[in-house]
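Trainee: I am attaching a structure below and will ask some questions about it afterwards.
The values are calculated or read from the model by the stated rules, or taken from the named source; none is laboratory data. The model shown is predicted, which means the values in this text are computed figures rather than measured ones. Backbone-built Cβ (ideal geometry, glycine too); neighbour counts: all protein chains shown. Ligands, DNA and RNA are stripped out before the accessible areas are found, and what is left, the full protein with its side chains, is counted by its heavy atoms. Shrake-Rupley method; radii C 1.70, N 1.55, O 1.52, S 1.80 Å.
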Amino acid sequence: MINILCFGDSNTNGSNPSGGRWGRWERWTGVLQKLLGDNYYVIEEGCGGRTTVMEDWLEPDKNGRAQLPVALRTHRPLDLVVIMLGTNDMKKRFSLLPVDIAYGAAELGKLVESYDYGGAWYPVPQVLLVSPIELGEGVENSPFTGFAPEAVEVSRQLAPYFEAQAKAHGWHYFNAASVAKPSKKDMLHMEKEDHQALAEALAAQICGIFEKEN
């Protein structure tokens with residue numbers, strides 16, 4: 001079985017723009033599991049508010065770099081780690097440039113490769129770096145606070161920086177914004193059809209990765 005860890009924020013956790021959380025088989029991770037089938041095990045590790053590497057004094061315990069090692073240890077052996085973070089790094093209190101957010105995401109990929117998994121039984125997994133969906137106009141009025149109007153433009157600039165980091169480190173890459181968008185209800189989270197579209201795109205890429213190896 002091919003084990004895939006999906007490490008992300010509320011859009012991996014499946015926050016529903018109308019409130020609550022999408023069901024297990026409606027979230028992109030669940031759809032991905034159904035599409036890939038029984039030869040794959042999709043592990044969902046999404047946490048609302050999670051950043052790449054930033055400490056958030058308003059939402060503690062959301063630093064992805066601090067949390068990722070626990071997930072890697074818990075779910076080993078792993079064949080692939082999908083990292084989709086960066087949205088919460090765009091909050092006004094962090095004041096980060098798009099290139100800085102991409103560097104933060106790259107730190108997580110490097111951690112995946114350098115982590116001590118514990119010997120031959122636990123190989124080093126591959127990395128799939130995913131640049132997040134864009135923010136919607138008016139996100140500053142979203143019930144999920146912290147974003148200023150300029151965050152929308154930052155979100156539109158992320159993809160090439162994420163792609164550059166993936167290429168520099170020899171990782172796989174995908175741009176979530178190429179297939180999915182934020183809901184008009186909160187300008188931040190995905191509707192069901194966007195979870196479906198993202199899962200379909202990632203399933204095709206993941207199948208391609210492991211079919212080449214086999």
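Trainee: Restricting attention to the stretch 20-31, and to residues there that are in contact with a His (Cβ under 9 Å, 6 or more places away or on another chain) and not aromatic (Phe, Trp, Tyr), which single residue is nearest to Gly8 (Cα to Cα)?
Mentor: Thr29
Trainee: Look at the stretch 116-141 and say how many of its residues are open to solvent by 20 Å² or more (accessible area, probe 1.4 Å), in contact (Cβ under 8 Å) with a residue 12 or more places away in the chain and either within 18 Å of Ala105 (Cα to Cα) or of a type in the set (A, V, I, L, M) (or both).
Mentor: Selection size over the stretch 116-141: 3.
Trainee: Does Glu153 qualify as being modelled with pLDDT of 95 or more, over 15 Å from the mean Cα position of the chain (by Cα) and part of a loop (DSSP other than H, G, I, E, B)?
Mentor: no
Trainee: To continue, here is another question. What number of residues within the stretch 56-73 satisfy the criterion of being open to solvent by 80 Å² or more (accessible area, probe 1.4 Å) and under 18 Å from the mean Cα position of the chain (by Cα)?
Mentor: 3
Trainee: In this structure, is Phe144 open to solvent by 80 Å² or more (accessible area, probe 1.4 Å), among the hydrophobic types (A, V, I, L, M, F, W, C), in contact (Cβ under 8 Å) with a residue 24 or more places away in the chain and not in a helix (DSSP H, G or I)?
Mentor: Yes; evaluated as a whole, the condition is true for this residue.
Trainee: Of the residues that sit in the stretch 159-175 and are over 16 Å from Ile209 (Cβ atoms) and of a type in the set (A, V, I, L, M, F, W, C), which one is least open to solvent (accessible area, probe 1.4 Å)?
Mentor: My answer is Phe162.
Trainee: I've got another one for you. Name the pairs whose Cβ atoms lie under 7 Å apart, with the first residue in the stretch 11-33 and among the small types (Gly, Ala, Ser), the second surrounded by fewer than 21 Cβ atoms within 10 Å (Cβ to Cβ), and 6 or more positions between them or separate chains?
Mentor: Listed by first residue and then by second, the contacts come to Gly14/Arg21; Ser15/Arg21; Ser15/Gly48; Ser18/Lys185; Gly30/Arg24.
Trainee: Which condition number does Met190 fail, the rest of (1) assigned to a loop (DSSP other than H, G, I, E, B); (2) open to solvent by 10 Å² or more (accessible area, probe 1.4 Å) being met?
Mentor: (2)
Trainee: Just checking, does the stretch 100-112 include any residue being under 20 Å from Ala148 (Cβ atoms), at pLDDT 95 or above, in a helix (DSSP H, G or I) and open to solvent by 10 Å² or more (accessible area, probe 1.4 Å)?
Mentor: yes
Trainee: For the stretch 1-29, which positions are among the aliphatic types (A, V, I, L, M) and not in a strand (DSSP E or B)?
Mentor: Met1
Trainee: Also: Open to solvent by less than 20 Å² (accessible area, probe 1.4 Å), under 20 Å from Ala105 (Cα atoms) and either touching a strand residue (DSSP E or B) at 6+ places or on another chain (Cβ under 7 Å) or in a helix (DSSP H, G or I) (or both) - does that describe any residue in the stretch 30-41?
Mentor: Looking for residues that are open to solvent by less than 20 Å² (accessible area, probe 1.4 Å), under 20 Å from Ala105 (Cα atoms) and either touching a strand residue (DSSP E or B) at 6+ places or on another chain (Cβ under 7 Å) or in a helix (DSSP H, G or I) (or both), one finds none in the stretch 30-41, hence no.
Trainee: Among the residues of the stretch 103-146, which ones are within 13 Å of the chain's Cα centre (by Cα) and small (Gly, Ala, Ser)?
Mentor: Gly104, Ala105, Ala106, Gly109, Ser131
Trainee: Can you list residue pairs whose Cβ atoms sit under 6 Å apart, with the first residue in the stretch 155-177 being within 15 Å of Pro132 (Cα to Cα) and the second being of a type in the set (Val, Ile, Thr) and open to solvent by 30 Å² or more (accessible area, probe 1.4 Å)? Count only pairs 6 or more apart in sequence or on different chains.
Mentor: Pairs found: Tyr161/Val99.
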